[in-house]
Every structure is written in structure tokens, then in C-alpha cells.
1. Being out of contact with any His (no Cβ under 8 Å at 6 or more places or on another chain), outside any loop (DSSP other than H, G, I, E, B) and surrounded by 14 or more Cβ atoms within 10 Å (Cβ to Cβ) narrows it down to one residue among Ile81, Ile109, Ile103; which is it?
2. Confirm whether Ile93 is at pLDDT 95 or above, assigned to a loop (DSSP other than H, G, I, E, B) and not assigned by TED's automatic domain parsing to the domain that holds Val162.
3. Considering only residues that are surrounded by fewer than 16 Cβ atoms within 10 Å (Cβ to Cβ), touching a strand residue (DSSP E or B) at 6+ places or on another chain (Cβ under 7 Å) and touching a residue at least 12 places away in the same chain (Cβ under 8 Å), look in region 223-280 and name the one that is farthest from Thr12 (Cα to Cα).
4. For region 40-71: of the residues being under 21 Å from Ser113 (Cα atoms) and more than 20 Å from the chain's Cα centre (by Cα), which is surrounded by the most Cβ atoms within 10 Å (Cβ to Cβ)?
5. Given the criterion among the basic types (Lys, Arg) and in contact with an Asp or Glu (Cβ under 7 Å, 6 or more places away or on another chain), identify the matching residue among Lys171, Lys199, Lys237, Lys250.
6. Which of the residues spanning region 18-39 are surrounded by 14 or more Cβ atoms within 10 Å (Cβ to Cβ) and in a helix (DSSP H, G or I)?
Amino acid sequence: MAQLIDGKLISTQIKDELRDEVTALKEQGIIPCLAVIQVGNDPASSVYVNNKKKACAYIGIESLSYELEESVSQEELLELIEKLNKDDKVNGILVQLPLPKHIDENAVIHAISPAKDVDGFHPETVGNMCIGTEGFLPCTPAGVIQLLKRSGIEIAGKECVVVGRSNIVGKPMAMLLLRENGTVTITHSRTQDLKEVTKRADILVVALGKPKFITKDYVKEGAVVIDVGIHRNENNKLCGDVDFDDVVDKVSAITPVPGGVGPMTIAMLMDNCVKSVLHS
């Protein structure tokens, strides 16, 4: 029977550790503060933003909320970011993506001070991650590393395959596995013989955005499978990029959807918020 990697449990452990750290900081008169900006009221974004606020409240991080109209101009949004960059009370700034089409996401990501970039998307932050300098890590890939480590799964020397090459998950995921001394292959839509490549993986991380795409034919016997995808199926039930029921009996460990990677993203965002006190 495959080990079920419990993201809810592990994320709670991390949040409890962070709560203790924040309590210690408060005793020194330091209160970490996260500013969250949401443009428009996309339902999925609203759920994520509320979950982030709840996590802040649980850990003891102060959160400032800026809910802007969908029609807000790019200039107004950039002015708000600049104001928060200069505000010494604010340690971290998060702009909930995606943004409306008239706003250039890259311009917004570039505008956030690297010292307050708790999402880990700024080019300077990404560069630091690539060369191994201490700093913020992108939340979802960092969460996957914690899931593996805290589940007793060795990364060093393992054949690791990442399916997907997005800037938010695929590329940084590969870099972090490399930092842990994994042997890493990145696959994507142009990869030839995808099944042959994924079947080599001791650790398979799937972030390609297609529901139930990965079946047991793609997976090596005894592999560890991390499913980053999240979708609603035809019955409105949550599912991932991996066909869980098809794969579960073939693998040694697997993350469920929901309750796997999802809770870890917010836990690692909170970790970056606590780290931001040291940066700002």
C-alpha cells in the first residue's frame, strides 16, 4: 500500500513551528506584516486570499488587505506597490495572480522589492535560488521539497523527473531538486516518448495542468509521485494531474488532491513572510 503524503498534517507542523518563531519575534517587539493585493473578485483568487489571511492569523502575522476594482489601472497598482515597498512596517508584499488582461504581470512582479518578494517570483529572487544564495524560495516547489524531506524520502542521488516547465512550478522545482542533489530531467509538451522518460523517475513531480493525465503507464514501480495539479472533474470533484486511483497501487508514496501540495504552498508563503523580517 502506497504511503499517503499528508500535506495538511505537514503544513500544520510547519505553521506551528512558525507560530513559535513569531511569538519569539513579538517578544522582541517585531511583528511580521504581509500586504496582500487582490485585483477584481475572481472566485478562485478570493479563496486563495482568504486562506492566506487565515494562515497569517493562525501564525500571528499581521495582514493588510487591498481589494482593488477589476478596472484599476496598471499605474495605480504600481503606485500602491511602490508605497508598500517604502513602508517599513510591511515585510512582505503579495499580488494575487492572475491579473486582469490590461495589466502586465511581469511589470507587477518586477515592481515588488526583492526584499519583500514573498512569492519568490522576482528575477533577482529567482537568480539567487539558481546560484544557491540564501533567500526566498517559490512557495509551491519549496513546499514539495518539505513534503519529501518530512516524509523521510531521500532526494540525493535519485532520478527526479519534473513534468511541466512553468516559471512558477516546473523550472524552480527542477532547481530545488538539483540543490538537494537529485539527478533532474525536465519534460514538457515537446518531450518525445514522455512515458519512457517518466518511467525512469524515482521521484516524479507532475505540474502540467491536465486532469488525470498521468496514468500507471507513465510511472515506475515503487516511484514517489507528487501531484501539483488541481482541477474540478465532470462531477465537480477536485482532482490532480495524476489519475490517483490508477496509479496508487504501483507507487511507494503519493500526494492526494486535495490535501497534498496545496496546503504546503500557503505554509511556505508563511515561511517566507517570517524570513522577510530578516531581509527588510
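1. Of the residues listed, the single one that is out of contact with any His (no Cβ under 8 Å at 6 or more places or on another chain), outside any loop (DSSP other than H, G, I, E, B) and surrounded by 14 or more Cβ atoms within 10 Å (Cβ to Cβ) is Ile81.
2. Working: at pLDDT 95 or above: yes; assigned to a loop (DSSP other than H, G, I, E, B): no; not assigned by TED's automatic domain parsing to the domain that holds Val162: yes.
Here the answer is no, as Ile93 does not meet what is asked.
3. That would be Asn233.
4. Leu68
5. Working: Lys171 fails: in contact with an Asp or Glu (Cβ under 7 Å, 6 or more places away or on another chain); Lys199 fails: in contact with an Asp or Glu (Cβ under 7 Å, 6 or more places away or on another chain); Lys237 fails: in contact with an Asp or Glu (Cβ under 7 Å, 6 or more places away or on another chain).
Step by step, each of Lys171, Lys199, Lys237, Lys250 is checked, and only Lys250 is among the basic types (Lys, Arg) and in contact with an Asp or Glu (Cβ under 7 Å, 6 or more places away or on another chain).
6. Result: Leu18, Arg19, Glu21, Val22, Leu25.
To keep it simple, each residue is scored yes or no on (1) of a type in the set (Ser, Thr, Tyr); (2) outside any strand (DSSP E or B); (3) touching a Cys at 6+ places or on another chain (Cβ under 8 Å).
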| residue | (1), (2), (3) |
| --- | --- |
| Ile145 | no, yes, no |
| Lys149 | no, yes, no |
| Cys160 | no, no, no |
| Thr185 | yes, no, yes |
| Lys210 | no, yes, no |
| Asp217 | no, yes, no |
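The values are calculated or read from the model by the stated rules, or taken from the named source; none is laboratory data. As the structure is a computational prediction, the values presented were derived from the model and not from experiment. Note that each Cβ is placed from the backbone with ideal geometry, even for glycine, and that neighbours are counted across all protein chains shown.
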